[in-house]
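Student: Before I ask anything, let me first share the structure, which is written out below as structure tokens.
The values are calculated or read from the model by the stated rules, or taken from the named source; none is laboratory data. Everything numeric in this text was worked out from a predicted model, so none of it was measured. With ideal geometry, Cβ positions are generated from the backbone for all residues, glycine too; neighbour counts draw on all protein chains shown.
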Amino acid sequence: MKKQLLIASDHNGKKLKDIIINKFKNQFYFIDFGNYEDKEKVDYTDFAKQVAINISKNPDLYKGILICGTGAGMSIASNKYKNIRSILAHNNLTAEMSRRHNNTNVICLSSWVNTNLQNINILKIWLSSKFDAGRHVKRVDKIEKNKSKIVLVNGVFDILHTGHIDLLEHAKRLGKKLVVAINSDKSTKIIKGKKRPINSENLRKRTLLSLSIVDEVVVFNETNLSKVIRLVKPDLLVRGADYPEKIVRIRDKVPNSVKIKIIKKTKGYSTSLTIKKMLKK
């Protein structure tokens, strides 16, 4: 199935828009929001708005292409909308790195600055480049205008370390309220072994609540998050990169209404490593 691309232009970009659609029509399905005439002058803001609004509603599904004389107006206008990361690309490097480092979902092209062939090459590079994720995830998240109301993080949080703090701080930036669900002593023994936890559920809860970034802590006995999700009603579940999103959603029975964000873990930190170091001393 062809991926969908949303495209629009003003009167200055209409010819380039038609060339792009014709060039890539076998690879992508285009949703064309106009302009459909190049003789009558129009306002680029109106066309940027149509593409931006539709991508804003489905940021994981769509990407967009906007074209005007310089591309600058389209970029400024589209970046006013939620979930939009729009890049003005006049060269190949900017197009590539905007995808790899900034996870852009809209590219703005200039019909005046570059030739049609140059714009085609820039677009090819942008479409073929992928987000590098890793350290760039936190940086991109700091850009986002919209925050989830409730963010849920879960885990044992037995001996608090730098990796835990990094995860919690990142999660807090993504929402207004951070709820941490911790495994009970009983469920911790099931998943970690008879010698765990080191600290009781009450002590772990108290420690987490002492952090200013944590708004609430709940203790759960179950092996998945289904009951916790029904209780907390989170908008977003944040997890460390132990498992991919697909497995987390199935294993923890996370409904599709709850978004999942997988965050790369801070290297060199874990409760197991901390325990090993303690036993050596």
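Student: Exactly one of (1) surrounded by 15 or more Cβ atoms within 10 Å (Cβ to Cβ); (2) out of contact with any strand residue (DSSP E or B) (no Cβ under 6 Å at 6 or more places or on another chain) is unmet by Lys15. Its number?
Tutor: It fails just one condition, (1).
Student: Continuing with this model, one more query. Find the residue count for the range 106-146, including only residues that are modelled with pLDDT of 85 or more, assigned to a helix (DSSP H, G or I) and either closer than 12 Å to Asn91 by Cβ or among the aliphatic types (A, V, I, L, M) (or both).
Tutor: Matching residues across the range 106-146 total 11.
Student: Do you know which residues across the range 55-105 are among the aliphatic types (A, V, I, L, M) and in contact with a helix residue (DSSP H, G or I) (Cβ under 8 Å, 6 or more places away or on another chain)?
Tutor: Those that are among the aliphatic types (A, V, I, L, M) and in contact with a helix residue (DSSP H, G or I) (Cβ under 8 Å, 6 or more places away or on another chain): Ile65, Leu66, Ile67, Met74, Ala77, Ile84, Ile87, Leu88, Ala89, Ala95.
Student: Just to verify a result, which residue in the range 130-166, among those that are farther than 22 Å from Asn221 by Cβ and among the polar types (S, T, N, Q), is surrounded by the most Cβ atoms within 10 Å (Cβ to Cβ)?
Tutor: Step by step, filter the range 130-166, then rank; the result is Ser148.
Student: Six or more apart or on different chains, Cβ under 7 Å: which pairs go from a residue in the range 219-244 that's closer than 18 Å to Ile190 by Cα and outside the structural domain of Gly155 (by TED's automatic domain parsing) to one that's β-branched (Val, Ile, Thr) and not in a loop (DSSP other than H, G, I, E, B)? Could you list them?
Tutor: Short answer, once both residue conditions are applied: none.
Student: Continuing with this model, one more query. Any residue at all in the range 31-42 that's free of Cβ contacts under 8 Å to residues at least 60 places away in the same chain and within 15 Å of Ile84 (Cβ to Cβ)?
Tutor: yes
Student: A follow-up question, please. Would you mention how many residues in the range 253-268 are without any contact (Cβ under 8 Å) to a residue 60 or more places away in the chain, surrounded by 11 or more Cβ atoms within 10 Å (Cβ to Cβ) and either more than 18 Å from the chain's Cα centre (by Cα) or over 25 Å from Lys149 (Cβ atoms) (or both)?
Tutor: 1
Student: For the range 258-277, which positions are out of contact with any helix residue (DSSP H, G or I) (no Cβ under 7 Å at 6 or more places or on another chain) and modelled with pLDDT of 90 or more?
Tutor: Those that are out of contact with any helix residue (DSSP H, G or I) (no Cβ under 7 Å at 6 or more places or on another chain) and modelled with pLDDT of 90 or more: Lys259, Lys261.
Student: Applying the selection to the range 56-83, what residues are at pLDDT below 95, outside any loop (DSSP other than H, G, I, E, B) and not hydroxyl-bearing (Ser, Thr, Tyr)?
Tutor: Residue satisfying the conditions is Lys57 alone.
Student: Being in contact with a Leu (Cβ under 8 Å, 6 or more places away or on another chain), more than 11 Å from Val156 (Cα to Cα) and surrounded by fewer than 19 Cβ atoms within 10 Å (Cβ to Cβ): is that true of Val218 here?
Tutor: In short, yes.
Student: Please go through the range 18-55 and pick out each residue that is of a type outside the set (Lys, Arg), loosely packed, with under 14 Cβ neighbours inside 10 Å and at pLDDT below 95.
Tutor: Tyr36, Glu37, Glu40
Student: Next question, about the same structure. Within the range 156-163, is even one residue in a helix (DSSP H, G or I), in contact with a Ser or Thr (Cβ under 7 Å, 6 or more places away or on another chain) and not basic (Lys, Arg)?
Tutor: Yes, some residue in the range 156-163 is in a helix (DSSP H, G or I), in contact with a Ser or Thr (Cβ under 7 Å, 6 or more places away or on another chain) and not basic (Lys, Arg).
Student: Hey, another quick one. Does the range 68-85 contain any residue that is surrounded by 15 or more Cβ atoms within 10 Å (Cβ to Cβ) and touching a Pro at 6+ places or on another chain (Cβ under 6 Å)?
Tutor: yes
Student: Can you work out which of the residues in the range 190-213 that are at pLDDT below 95 and assigned to a helix (DSSP H, G or I) is farthest from the chain's Cα centre (by Cα)?
Tutor: Selected residue: Ile190.
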